[in-house]
Amino acid sequence: MINSSADLLEFEALRQLVGRFVGSALGREELEKARPCTDRRQLEEAHALNAEAIEYLKSASKPQTAGRGAALRLRFSGIPDIRQAARKLRIEGAALEGKEIFELLSLLDQASDIRMILLAVEERFPRLAKQAAGIGGELRGLLHDLANRVLPDGSVADHASVALSRIRKGIERQKRLIQESLERFLKAHRADGVLQEEFVTLRNDRFVVPVVSGLQGRVAGVIHGSSGSGHTLFVEPFETIELNNELVSLTEEESREVFRILREMTDRLRAHGPSIGMSMQVIGELDLVFARAGFALEFDCVIPRFSGEEDPLLRLEGARHPLLEDVLRRQRKAVIPITFELDSSVRTLLLSGPNTGGKTVSLKTAGLLALMAQAGIPVPAREAVFPVFDQVLADLGDNQSIAESLSSFSSHIRRIREILTVVTADSLVLLDELGRATDPEEGGALGVAILDNLRSWKAFTLVSTHLMALKVYGGSRQGVLNGSMGFDHVTLEPTYQLRVGAPGESAGLAIAGRLGMPPDLIERARAAMTTRERELADFLEQLQNRTSELAAEKRKLEEQRAALAAREKEVAREWERKESAKLKELERRCELLMRNFEEQSRQTIEEILQGAQNRKASGQAQRKVAKTTREFREEIRATVLSTSDEARQGVIPGLKIEEGARVRLKNVREPAQVKRKLGPDRLEVQAGFLKLQVSIDDVLEVLPEGGGGGKLPSNVTFHPAGPRWDTSYRELNLIGKHVEEAMEELDRFLDQAVMAEVTRVRVVHGHGMGVLKKAVAEALARSPHVAKYYAASPGEGGFGATVAEMKES
């Protein structure tokens, strides 16, 4: 993106504001690379990633169940800066310092944890997981091998190698020998006065004792230095020289082994250099993504959308300048948001209004938010839609330069000339105080010509002005929209509210008076104005007042509309609550009927069992079961229908009743059909064989074509009716079934046959090994319902089936 106006729009300051949310040096490096771009696919992917990160942060801030799929808070602030170590790692033969290796391993360990966390939530946040997958998974093994070999202070641990452990044990042993030797020396010279103090210290990495200056001749040893005052000499006794020499030798051997270990670890890290580099890049990118998400949550931003190339749209609703908002927050003040819309038919917005009223801030807000959107940063607004601009061109403020001999007007013209040479149909142009710093009449004419040129390019253009010629231009040209910043005539202060549709008054005299200009001077200025100027000022004031009134009316209507919508929702919720209560009552009634039926069934079954030997009593019990089932079925159906009718009484949507429609009427169980309308509130309907004239108020609902009444709740259960026996003969096929399964089915079959008063049944069991045939015969023999049984005739299956004749009730 050609972005020559980023400095004027303070994009660098915006980048520093986002930088507050970056945790690591790698993330800050990625933020420095952030630039507005014109690749639509790249922008949409970046903002989709932002949206996921915002949702992730929201989810991570809420209480949630631990386990796979939980969004855990990610920490980037503790990641060390290892960029210098990474560059050093690319140099063949170079060895990293212990501290550098520790920090590099620490970064890789944290990167591996971030990778694992984001991959665990892949189903909810697929883009973040895909980004995290770029972190090298194979580095886990390397981390496991090198773990704890280097300590946080950069020193190599004793267990880093067997040789190092042996050397360090030798060093400790040698130090003890030297300590013991010097303690014997101190003890031997304690009484002769040559010792300054009784302690052992180090000089030039060798153990020494303090001796009084001038008495060193009484001690056999080597002097390694003196104190600052010169009163003490540090002497290494001859008897410990060999021990110290051995200690120095072990120390040098230790250094060689430590260097070997560090070089070996460096070589292993270097072998994974590409994967380490990719992991560093991904960590930086993820840090920046979550920084943008944190910024979005802090400043209440939205993900911007990009309009199509064929139908460009620039819409900002509730947009706020983030830098201004940051400043006002510290002052406990709020930003007044702006709202406007430009499209392919209206591409130019002319802003007028009072000085210090917010015109320039509005231009900067639109320009900076466009740069933010195309840099992949969420924008502070309720809604934001942008075309993909190829460049944002701005002339803001006073660019006069004494060094370059440029006046305000000449610098203004030079900048506009540069804009006109590079502008395209895909540009956003921001011009502050167009035609300023010269004669108003000539400035207005020049401004009109410049706007005509920009309109010929079809560039989106936002302009602020005080010139009457441009205000008239905005009201008389198609494709140009006037807008004004509000001004309160009571307090004589700007309201900073952007109103679209009419120009605004400059209110220069009123602003000057509020800023302390003497009142008599203001009155002389008013008297000096021409009649035409005063009339225009009065007209603009009236227009501004009318616009304010219309805006107030619009807000009032919107509030009433919102209140009405809220009332409708409340009514709907109340209706649903009543419906839910009625359905619960239906469930309660059904449950009561079920319990009664189960009790009656249990009693009936006990009577059957008790009277199994008495055929007459058995028959009576069977008929009682059938009667109870019928009564239960009718009772529960009546309960459901009555409750459904009750549920329909209440809030009923508008009924569309036409001839031929099927309706449900009050106190009429059967649906009726509308034959004709007898008037606005009377109908002639037919319910079964009855023709009725009813009031339209008696209609409970209009039924769908071919439909019945309302559907029953899903948790209402009906017991299935027994089988219908249309003739005196039925059969049961048991071929292929196991004996236990077949016997259960045969028992149910015989019970149903008795309840349906069937006189003769056939049981098909096949030939086979005869096991099923034998089991059927035994079951029929002990059944209280079977009078006799015998093999079927050849026409009915022969020995592969058995016929049973049932006992009469």
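Could you go through segment 374-382 in sequence order and give the Karplus-derived ³J(HN,Hα) for each residue, using 6.51 cos²θ - 1.76 cosθ + 1.60 with θ = phi - 60°, rounded to whole Hz, and x for Gly and Pro?
Per residue, the Karplus-derived 3J(HN,Hα) values read 8, 9, x, 10, x, 10, x, 6, 7 Hz.
Which of the peptides 142-149, 316-323, 333-340, 106-113 is most tightly packed, and how do the rest follow, going by the mean number of other Cβ atoms within 10 Å of each residue?
Peptide ranking by packing, descending: 316-323, 106-113, 333-340, 142-149.
How long is the gain from residue 747 to residue 44 if the chain were fully straight, where each residue apart is worth 0.36 nm and the alpha carbon distance is subtracted?
The span from residue 747 to residue 44 would gain 246.2 nm if fully extended.
Each residue of segment 144-149 in order: what ³J(HN,Hα) in whole Hz does its phi give by Karplus 6.51 cos²θ - 1.76 cosθ + 1.60, θ = phi - 60°, with x for Gly and Pro?
5, 5, 9, 4, 6, 7
Roughly speaking, what is the stretch gain from residue 249 to residue 787, that is 0.36 nm per residue apart minus the C-alpha to C-alpha distance, in nm to one decimal?
Going from the current span to full extension adds 182.2 nm.
How high is the FRET efficiency between residue 360 and residue 339 when r is their beta carbon distance and R₀ equals 22 Å, given to the nearest 0.05?
Taking R0 as 22 Å, the efficiency between residue 360 and residue 339 is 0.80.
Please compute the per residue accessible area over segment 204-344 with all protein chains in place, 1.4 Å probe, rounded to a whole number of Å².
Computed with neighbouring chains in place, this is 48 Å² per residue.
Run the paramagnetic zone check for residue 762: 7 angstrom along Cα to Cβ, then residues of segment 773-809 with backbone nitrogen under 16 Å.
Inside the label zone: 789-806.
With labels modelled as points extended 7 Å from the Cα through the Cβ direction, what inter-label distance (nm, one decimal) is found for residue 309 paired with residue 130?
Distance between the two pseudo-spin positions: 2.2 nm.
Could you calculate the contour length gain from residue 439 to residue 572, that is, 0.36 nm times the residue separation minus the distance between their Cα atoms, to one decimal place in nm?
Details: separation 133, 0.36 × 133 = 47.88 nm, distance 6.41 nm.
Computed gain between residue 439 and residue 572 is 41.5 nm.
Residue 737: which lysines have alpha carbons under 23 Å from its alpha carbon, excluding same-chain residues fewer than 8 sequence positions away?
773, 774
Evaluate E = 1/(1 + (r/R0)^6) for residue 733 and residue 580, where r is the Cβ-Cβ distance and R0 equals 35 Å; express this FRET efficiency to the nearest 0.05.
The computed FRET efficiency comes out at 0.15.
I'd like the accessible area for residue 774: 1.4 Å probe, protein heavy atoms, all chains in place, Å² to the nearest 10.
Number for this one is 130 Å².
Order 360-370, 464-474 from most to least packed using the mean count of other Cβ atoms within 10 Å.
Peptide ranking by packing, descending: 360-370, 464-474.
Could you compute the FRET efficiency for residue 113 and residue 163, with r as their C-beta to C-beta distance and R0 at 41 Å, rounded to 0.05?
0.80
The values are calculated or read from the model by the stated rules, or taken from the named source; none is laboratory data. The shown structure was predicted, so the numbers you read here are calculated from the model rather than taken from an experiment. Ideal geometry is used to build each Cβ from the backbone, glycine not excepted, and the neighbour counts take in all protein chains shown. Side chains included, ligands, DNA and RNA excluded: accessible areas come from the protein's heavy atoms. Shrake-Rupley method; radii C 1.70, N 1.55, O 1.52, S 1.80 Å.
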